[in-house]
């Protein structure tokens, strides 16, 4: 593996960490720097929406601002670099407290990114969240294959 590929993988990994910091710190300006202006994001597997960066960003900002606790761990980052394009898959583990809840909920799964090299560095032009499991989802969360209470399994299809 040459030095440029290693540098690219490190930069992409740092980008994914910046994503987590932006979400958990409610720093939506920082979060937007992870993506191209025309990026497509899909959070439907977790009961969210899909769409362009700004539409989904506004949805996340409004939704997550009501959560007293979120913390996103991003691990097992795998990158394939193809010139100025790349794909990355990373696992996530997300403990959270839903608004009005008295106990912690936890979910996990995979982030699937398509990335492009820009003059500002690597940016994600597509993010598909594949929520694989959920412990104690909120009552009423019925989308994405989830059930209420206990352990619920999401779809393993990242479409």
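Computed from the coordinates by the stated procedures, all read-outs in this text should not be read as laboratory data. This is a predicted model, so every value here is computed, not measured.
General remarks:
- Antiparallel DSSP beta bridges within the chain, percent to nearest 5: 90
- Per-selection Kirkwood Rh - region 60-133 (Cα, Å, 1 d.p.): 13.9
- Debye-sum result for region 1-77 in log10 I(q)/I(0), which assumes one identical scatterer on each alpha carbon, at q = 0.13 Å⁻¹: -0.44
- Taken over the C-alpha atoms, region 3-153 has Rg and Dmax values of 15.4, 49 angstrom.
- Computed from Cα atoms, the angle from the helix 3-24 axis to the main principal axis of the chain rounds to 30 degrees.
- Kirkwood estimate for region 53-101, i.e. one over the average of 1/r between Cα atoms, Å: 13.3
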